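J.: Take a look at the following structure, please.
The values are calculated or read from the model by the stated rules, or taken from the named source; none is laboratory data. If you're wondering where the values come from, they're calculated on a predicted model, not measured in any experiment. Glycine gets a Cβ as well: all are built from the backbone with ideal geometry, and neighbour counts include every protein chain shown. Side chains are part of the model used for accessible areas, which takes the heavy atoms of the whole protein and leaves out ligands, DNA and RNA. Shrake-Rupley method; radii C 1.70, N 1.55, O 1.52, S 1.80 Å.
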Amino acid sequence: MANGADAIFFGLPRFNARLRADNFTEADLPELMAFLHKHGVRGYCAFNTLIFTGELEDAEAQLRLLEGAGVDAVIVQDLGLARMVKALAPRLHLHASTQMTITSPEGLRFARGLGLDLAVLSRELSLRDLEAFQKDAELPLEVFVHGALCVAYSGQCLTSESLGRRSANRGECAQACRMPYELVVDGELRDLGDKRYLLSPQDLAAVEEIPRLIEAGIHSFKIEGRLKSAEYVAAVTRVYRKAIDAALEHLDAPTAAPVTLLNAEDQYALEMTFSRGLFSGWMHGVNHQQLVGARFAKKRGPLVGEVLTVDRDAVELSAFTTPLKPGDGVVFENPSDTNREQGGYLFQVEGPWISFQRGKIDFRGILPGTRVYKTSDPALDKELQATYKGDLPIRKRRALNLRASGAAGTLLEVAAIDASGSVLASVSSALPLETARNKPLSAEILTQQFNRLGGTPYELASIELHLEGAVIVPVSELNRMRRALVAALDLLPSAPVAETPSPEGSRESAHAMLRPLRQARDEEMNTLSAVTSARLHLLCRSLEQLDAALQAAVDRVYVDFEDVRLYGDAVRRVRAHGGATEIFLATPRIQKPREEGFFKLIARSAPDGVLIRNLGAIAFFEATGLRTTGDFSLNVANPLTAEFLKRTGLERLTVSYDLSIEQVLDLFYACPPSWFELTLHQHMPMFHMEHCVFAAFMSNGSTFLDCGRPCEKHRVKLRDRTGMEHPLKADVGCRNTLFNAVPQTGARYYEMLRHAGLQCFRVELLEEDAGEAGQVIASYQALLSGHRTGDTLWRDLKAQSQLGVTTGTLREDLDLVRY
């Protein structure tokens with residue numbers, strides 16, 4: 001606030017994507033919002049996680065709390081929660097989180113149906129991409145401009161869920177992207193030198209892109225600041241406030257001279273307070289050689305230089321690129337293990353020589369050529385702390401419209417009025433008005449006295465006089481009235497009221513929103529035949545797997561090829577085979593501007609249906625008349641989300657991979673289970689990234705135009721610290737998905753799921769050949785036909801697989817009596 005923020009965003013202890021942060025509490029809210037609004041700053045609550053069925057009533061209670069405390073807006077990922085905001089807390093503005101994965105104008109148009117007031121777009125969009133949103137926006141757009149970059153698309157990262165039972169969609173990201181990985185190419189370890197952090201991007205710094213972003217129609221600029229120091233927040237906010245103001249001034253009054261957005265001092269402050277290296281991210285499109293430096297994944301600060309000479313208690317450095325002084329902190333890089341690096345505070349700086357207190361550094365471990373980084377600058381910290389110590393400035397003041405009325409012998413009344421003329425607050429004089437002999441009250445006199453609003457969040461916009469005759473009251477009384485009016489205004493609810501809410505008793509509730517869905521579920525279960533057979537749907541990633549599926553006569557195949565030009569061949573193959581197997585073609589998981597051509601190719605292939613993986617594809621395929629199933633990437637975690645998506649014409653929805661078996665059953669008991677299918681067997685798709693590991697570490701190319709497409713020639717895996725080798729695949733958009741090395745199965749919960757009314761079960765293949773695919777298919781066909789149990793299938797698959805099988809997400813033991 002002290003350094004120029006117009007708004008802050010924060011989380012509570014539940015339902016926000018940074019649960020590890022020291023978040024505000026419910027008890028903090030009234031004081032927090034009063035403090036923000038007093039200084040002309042808005043407050044947005046990050047409510048940006050998926051909401052499970054059993055949490056909807058708790059989510060409702062938190063929404064009402066936020067609304068009552070005067071919070072300006074909530075930032076939401078979950079589509080069902082977004083519906084609740086508009087129905088249950090109408091005074092809250094609704095912002096789509098970047099977790100909603102809005103990557104195209106088509107996706108934005110779809111999301112607008114939720115009643116959004118602002119949308120935070122995905123970080124992976126370039127300036128050219130963002131320009132494509134201008135004609136379709138119809139609401140303010142926000143982008144991240146500074147801070148940590150997630151290598152995976154927000155809302156599409158399942159790594160923490162898959163590896164560590166901590167879901168990023170639930171605010172528990174384990175930051176697996178910041179861990180070291182090794183590259184295994186065609187079974188052989190590839191030597192990458194000191195590059196070990198293959199999925200850890202540099203931090204985003206888009207300060208010099210601010211003018212282009214403004215021209216592209218971006219309304220607000222977001223700084224990632226949680227889990228960071230106050231000094232970092234101060235430094236970054238100050239730099240971007242200055243840059244935005246300079247860019248706006250230049251746009252209003254253009255000059256031939258270029259506007260300076262970032263000077264050397266600004267650059268130093270950004271690097272010094274926190275940096276893993278600063279880069280423009282995806283603002284200028286993909287650059288796979290620069291996005292990920294791969295040598296470290298933690299804070300570095302600016303590079304000082306390299307070690308030239310090592311003495312007993314000191315080292316000589318190459319020419320300093322960053323000044324040093326006693327008291328500054330430095331670290332000596334150790335690329336082989338960044339968790340075991342030496343460093344500390346400088347005791348002495350003499351020319352190129354730096355020394356530490358005796359015994360602080362084991363200089364035997366420091367070799368010539370070692371890079372040295374500056375990690376702290378106490379003098380800069382002190383300067384930044386001074387910006388927010390003491391009284392804070394008022395960022396934006398609220399316009400005050402006044403109306404003064406009265407006559408001789410009556411009290412003077414001064415009222416603050418809104419645009420409709422309704423009184424917000426009023427004060428009366430302690431003394432009656434008297435007839436004026438000279439200098440009666442006038443608009444000029446009242447303006448002079450009531451305009452003294454320094455130190456308050458108000459500024460006088462207008463004053464209306466409704467005085468009868470020439471009257472007067474002492475100036476001291478006018479000053480008292482001004483102070484009393486400000487105090488009365490400060491007591492008003494601080495949230496902007498966009499509409500008059502309905503009486504509390506008549507408002508809808510989460511329970512009421514769910515009631516018709518539960519009724520529909522009960523009606524469906526009453527009519528469901530006990531002999532209704534289960535259906536097996538198989539996802540194939542090769543023609544060889546497709547042939548195995550046709551040979552086994554599965555009910556439906558989903559075809560998910562990297563080369564979508566083969567989709568037509570796949571459809572013809574199914575048609576030529578005959579039989580009853582349906583073929584659905586999968587869309588890419590991400591659609592960016594100008595990628596609608598992929599949808600057109602799918603439609604021209606004339607499949608039986610389409611597996612929808614992103615918001616932008618929903619409306620496109622609804623217009624084609626093709627049958628559609630929504631995939632896991634739509635993040636269906638509760639009945640309200642499911643109902644919203646079903647209304648768009650989706651025939652069936654894939655249950656979110658974030659749900660445990662208990663939460664899956666809660667979902668099926670709250671709405672019709674015929675709406676859903678569930679993936680029973682798969683290699684979890686962990687990271688889904690714009691970053692291409694193939695191009696970055698197997699070529700010198702920066703894009704698909706010059707990388708040589710090593711993804712088409714080699715089988716690649718990433719080996720993690722435990723030795724597991726996770727398969728890496730590229731899709732048609734050159735986006736990479738890293739799959740868990742270990743397949744997971746929910747087979748032992750099959751009977752429980754059938755009892756809950758589920759009919760459609762999916763098995764996803766990855767790298768299986770025809771024989772392996774046939775074995776997997778046969779195992780699950782036997783399970784669905786009742787010829788074997790999930791427990792025996794579990795044991796058999798584990799015995800047949802070199803990698804083993806885990807229960808993965810569907811892992812909680814339940815008491816069957818409950819259901």
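J.: Among what's in the stretch 625-646 and is modelled with pLDDT of 95 or more and more than 25 Å from the chain's Cα centre (by Cα), pick the residue that is nearest to Leu114 (Cα to Cα).
T.: Filtering the stretch 625-646 for residues that are modelled with pLDDT of 95 or more and more than 25 Å from the chain's Cα centre (by Cα), the one nearest to Leu114 (Cα to Cα) comes out as Thr628.
J.: Check the stretch 565-584 and report whether any residue there is in contact with a Phe, Trp or Tyr (Cβ under 6 Å, 6 or more places away or on another chain) and not aromatic (Phe, Trp, Tyr).
T.: Within the stretch 565-584, not a single residue is in contact with a Phe, Trp or Tyr (Cβ under 6 Å, 6 or more places away or on another chain) and not aromatic (Phe, Trp, Tyr).
J.: When you scan the stretch 406-418, how many residues do you find that are at negative phi and not in a loop (DSSP other than H, G, I, E, B)?
T.: Number satisfying all stated conditions: 8.
J.: Within the stretch 419-451, take every residue that is assigned to a strand (DSSP E or B) and among the hydroxyl-bearing types (Ser, Thr, Tyr) and give me the one that is least open to solvent (accessible area, probe 1.4 Å).
T.: Ser429
J.: Failed condition for Gly301, given (1) at negative phi; (2) of a type outside the set (A, V, I, L, M, F, W, C); (3) surrounded by 15 or more Cβ atoms within 10 Å (Cβ to Cβ), with all others met?
T.: (1)
J.: Same structure, new question: Inspect the stretch 405-418 for any residue being farther than 13 Å from Ile472 by Cα and open to solvent by 60 Å² or more (accessible area, probe 1.4 Å) and give the result as yes or no.
T.: no
J.: Is it the case that Ala487 is more than 34 Å from the chain's Cα centre (by Cα), at pLDDT below 90, surrounded by 11 or more Cβ atoms within 10 Å (Cβ to Cβ) and not in a strand (DSSP E or B)?
T.: When the stated conditions are applied, Ala487 passes them.
J.: Among the residues in the stretch 22-29, are any among the acidic types (Asp, Glu), modelled with pLDDT under 90 and surrounded by fewer than 21 Cβ atoms within 10 Å (Cβ to Cβ)?
T.: Yes - at least one qualifying residue is present in the stretch 22-29.
J.: Another one. Which of the residues belonging to the stretch 715-730 are modelled with pLDDT of 95 or more and in a loop (DSSP other than H, G, I, E, B)?
T.: Arg715
J.: Which of (1) over 22 Å from the mean Cα position of the chain (by Cα); (2) assigned to a helix (DSSP H, G or I) does Phe296 not meet, given it meets every other one?
T.: (2)
J.: Step by step: first the residues of the stretch 314-350, then only those that are open to solvent by 60 Å² or more (accessible area, probe 1.4 Å) and among the small types (Gly, Ala, Ser), then the one that is farthest from Gly301 (Cα to Cα). Which residue is that?
T.: Across the stretch 314-350, the extreme among qualifying residues is Ser336.
J.: Checking Leu728 against (1) over 23 Å from the mean Cα position of the chain (by Cα); (2) in contact (Cβ under 8 Å) with a residue 40 or more places away in the chain; (3) open to solvent by less than 10 Å² (accessible area, probe 1.4 Å), only one condition comes out false. Which one?
T.: The single condition Leu728 does not satisfy is (2).
J.: In the stretch 452-479, which residues are in contact with a strand residue (DSSP E or B) (Cβ under 8 Å, 6 or more places away or on another chain), surrounded by fewer than 14 Cβ atoms within 10 Å (Cβ to Cβ) and closer than 30 Å to His39 by Cβ?
T.: Passing the criteria: Ala461, Ser462.
J.: Looking at the stretch 627-637, is at least one residue open to solvent by less than 10 Å² (accessible area, probe 1.4 Å), free of Cβ contacts under 8 Å to residues at least 40 places away in the same chain and more than 30 Å from Glu55 (Cα to Cα)?
T.: Scanning the stretch 627-637 turns up no residue that is open to solvent by less than 10 Å² (accessible area, probe 1.4 Å), free of Cβ contacts under 8 Å to residues at least 40 places away in the same chain and more than 30 Å from Glu55 (Cα to Cα).
Let's see how each residue does on (1) of a type outside the set (S, T, N, Q); (2) out of contact with any helix residue (DSSP H, G or I) (no Cβ under 9 Å at 6 or more places or on another chain); (3) outside any loop (DSSP other than H, G, I, E, B); (4) under 30 Å from Leu718 (Cα atoms):
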residue	(1), (2), (3), (4)
Asp245	yes, yes, yes, no
His250	yes, no, yes, no
Pro326	yes, yes, no, no
Pro335	yes, yes, no, yes
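J.: Please determine, by comparing only the residues of the stretch 699-714 that are outside any loop (DSSP other than H, G, I, E, B) and out of contact with any strand residue (DSSP E or B) (no Cβ under 7 Å at 6 or more places or on another chain), which one is most open to solvent (accessible area, probe 1.4 Å).
T.: If we take residues in the stretch 699-714 being outside any loop (DSSP other than H, G, I, E, B) and out of contact with any strand residue (DSSP E or B) (no Cβ under 7 Å at 6 or more places or on another chain), then Glu712 is most open to solvent (accessible area, probe 1.4 Å).
J.: Moving on. For the stretch 338-374, give me each residue that is part of a strand (DSSP E or B) and out of contact with any Lys or Arg (no Cβ under 7 Å at 6 or more places or on another chain).
T.: Gln342, Gly343, Tyr345, Gln348, Glu350, Trp353, Ile354, Ser355, Arg371, Val372, Lys374
J.: Please specify each residue of the stretch 657-673 satisfying the condition of being modelled with pLDDT under 95 and either part of a loop (DSSP other than H, G, I, E, B) or open to solvent by 10 Å² or more (accessible area, probe 1.4 Å) (or both).
T.: The answer is Tyr657, Asp658, Leu659, Ser660, Glu662, Gln663.
J.: Name the residues in the stretch 77-104 that are farther than 20 Å from Leu141 by Cβ and basic (Lys, Arg), would you?
T.: Arg83, Arg91 - these are the residues of the stretch 77-104 that are farther than 20 Å from Leu141 by Cβ and basic (Lys, Arg).
J.: So, one more: Filter the stretch 589-599 down to residues that are more than 14 Å from Phe133 (Cβ to Cβ) and either open to solvent by less than 10 Å² (accessible area, probe 1.4 Å) or free of Cβ contacts under 8 Å to residues at least 12 places away in the same chain (or both), then give me how many there are.
T.: Summing the residues that are more than 14 Å from Phe133 (Cβ to Cβ) and either open to solvent by less than 10 Å² (accessible area, probe 1.4 Å) or free of Cβ contacts under 8 Å to residues at least 12 places away in the same chain (or both) in the stretch 589-599 gives 3.
J.: Let me confirm something: among Ala553, Ala549, which residue is among the aliphatic types (A, V, I, L, M), open to solvent by 60 Å² or more (accessible area, probe 1.4 Å) and at pLDDT 95 or above?
T.: Ala553
J.: Which one of these is in contact (Cβ under 8 Å) with a residue 24 or more places away in the chain and under 21 Å from Ser97 (Cβ atoms): Leu667, Leu659?
T.: Leu659
J.: While we're on this one: Search the stretch 694-712 for residues that are under 16 Å from Asp191 (Cα atoms) and pair each with any residue that is open to solvent by 20 Å² or more (accessible area, probe 1.4 Å) and of a type in the set (Val, Ile, Thr) when their beta-carbon atoms are under 8 Å apart and the residues are at least 6 apart or on different chains.
T.: Here the result reads Ala695/Thr703, each pair linking the stretch 694-712 to a residue that is open to solvent by 20 Å² or more (accessible area, probe 1.4 Å) and of a type in the set (Val, Ile, Thr).
J.: Oh, and also: Any residue in the stretch 35-60 that is touching a residue at least 40 places away in the same chain (Cβ under 8 Å) sitting within a Cβ distance under 8 Å of a residue that is of a type in the set (Lys, Arg) and assigned to a helix (DSSP H, G or I)? List the pairs, counting only those 6 or more apart or interchain.
T.: Thr49/Arg170; Leu50/Arg170
J.: So Ala619 clears everything in (1) under 29 Å from the mean Cα position of the chain (by Cα); (2) more than 22 Å from Asp129 (Cα to Cα); (3) surrounded by fewer than 21 Cβ atoms within 10 Å (Cβ to Cβ) except one condition, right? Which one?
T.: (2)
J.: Determine which single condition Ala246 fails, assuming it passes every other condition in (1) surrounded by fewer than 18 Cβ atoms within 10 Å (Cβ to Cβ); (2) in contact with a Leu (Cβ under 9 Å, 6 or more places away or on another chain); (3) in contact (Cβ under 8 Å) with a residue 24 or more places away in the chain; (4) not polar (S, T, N, Q).
T.: The failed condition is (3).
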